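Everything on this sheet refers to the single structure shown next.
The values are calculated or read from the model by the stated rules, or taken from the named source; none is laboratory data. Bear in mind that the values here come from a model prediction, so they are computed numbers and not experimental data. Heads up, the Cβs are rebuilt from the backbone with ideal geometry, glycines too, and the neighbour counts pull from every protein chain shown.
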Amino acid sequence: MATKIIDEILQLKVKLLNFLSEESLKENMEKAYKKYVSDKQISEAHGDKGFNDWIIHDYRFQDKYELIDLYKENSHVDENLYKSFRNSKISFFTVVKTENNFILKDLFDKTDYVIGNIELLDETGIIFARIYPYNNNYYFVDEMTIFDGSFKEYLLKGIMSKFAEAKNSIGYLEINEFIRNNSILLYIFSNIIDDTIGIESEEESYDIHEAVYAVKDRIKVDEVLRNSEKIMILALEEGIYQIVEDKLTLGEIVDLKNKLEIDFRGIDALNEGKELINKIFGDSLVHLSDKIITIDDLL
């Protein structure tokens, strides 16, 4: 049964991707890709990662229609499959093993989802996946990525800070509604983590050394973040950057407006990174503290 459902979802995804190649959607495709990449939401290096999944599930054509609704106007789609596709959910999850199955617990709204797949899941990591409801179970198809559990705090801090900003701006808002309407944030954070792992895959320690700086001169800090050759913009609107020296990423910056939190992998990167920060930011920042975040702290 699980295999049949998964195959049907995969077939529908292929149909939707083929549908995207139609000339009538060309302008929309260009607009979508610009939103995903060119506006600095996700760097060019990561442009293709997640884009197909995002555009066929979450992008709003003409700011209101999902792709499957446009496709359904002229093509038959099984109603149960349509509902499954429309109600799919992408998020970061932790894994809970029960006596009879696996449960994915949403990292942000803490909702539990019983998984109908038969594959064994990693109970120590963070899973980034899109799941589809069908009957009383949920199924993941082919977008699952497993990250080390040490990234849990980073994800919670990053996403929940954006959620808090949205709530302060528009008033009442539920976290699941926020994530559904801003799913591109999940791809941004996933790509940042993936990039970090790729660059530092030989590091044995997953401990994060975090340096915190108070912003003394906001104008100068903004100028450095935007224009320094030592800073790579990863997600401009989210305030996420990388510190780079000799083409090597030393750490990740999260701009919280009144302060910068800068995470480094290893004590050597911390020391080198702090020297570089002093050089490029000068007296526009004031160092507040350093701390070590271990795997035990994060799990």
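Would you say residue 173 is in the same structural domain as residue 10 (by TED's automatic domain parsing), free of Cβ contacts under 8 Å to residues at least 24 places away in the same chain, assigned to a loop (DSSP other than H, G, I, E, B) and surrounded by fewer than 21 Cβ atoms within 10 Å (Cβ to Cβ)? So residue 173 does not fit the description; no.
Against the list (1) of a type in the set (Lys, Arg); (2) in a helix (DSSP H, G or I); (3) in contact (Cβ under 8 Å) with a residue 60 or more places away in the chain, the condition residue 83 fails is (3). Residues in the stretch 53-80 that are of a type in the set (Asp, Glu) and in contact (Cβ under 8 Å) with a residue 40 or more places away in the chain were compared, and the one that is farthest from residue 4 (Cα to Cα) is 58. Across the stretch 35-54, the qualifying residues are those that are of a type outside the set (A, V, I, L, M, F, W, C) and assigned to a loop (DSSP other than H, G, I, E, B), and the one among them that is modelled with the highest pLDDT is 50.
Residue 32 satisfies every condition listed in (1) at pLDDT below 85; (2) part of a helix (DSSP H, G or I) except (1).
Flag not set for residue 272, criterion: acidic (Asp, Glu), in the same structural domain as residue 215 (by TED's automatic domain parsing), crowded, with 21+ Cβ neighbours inside 10 Å and more than 15 Å from residue 222 (Cα to Cα). Scanning the stretch 75-100 for residues that are surrounded by 12 or more Cβ atoms within 10 Å (Cβ to Cβ), out of contact with any helix residue (DSSP H, G or I) (no Cβ under 8 Å at 6 or more places or on another chain) and not aromatic (Phe, Trp, Tyr) gives 80, 83, 87, 95, 96. Taking the stretch 230-267, which residues are exposed (fewer than 13 other Cβ atoms within 10 Å of the Cβ) and in contact (Cβ under 8 Å) with a residue 12 or more places away in the chain? 237, 248, 257, 258, listed by residue number. Taken over the stretch 86-108, the criterion of being closer than 18 Å to residue 180 by Cβ and assigned to a strand (DSSP E or B) is satisfied by 89, 90, 91, 92, 93, 104, 105, 106.
With respect to the conditions (1) basic (Lys, Arg); (2) more than 17 Å from the chain's Cα centre (by Cα); (3) at pLDDT below 90, residue 72 lacks only one, and its number is (3). The helices (runs of 4 or more DSSP H) located wholly in the stretch 182-299 that include 2 or more residues which are out of contact with any Cys (no Cβ under 7 Å at 6 or more places or on another chain), at pLDDT 85 or above and over 25 Å from residue 163 (Cα atoms) occupy 218-227, 267-281.
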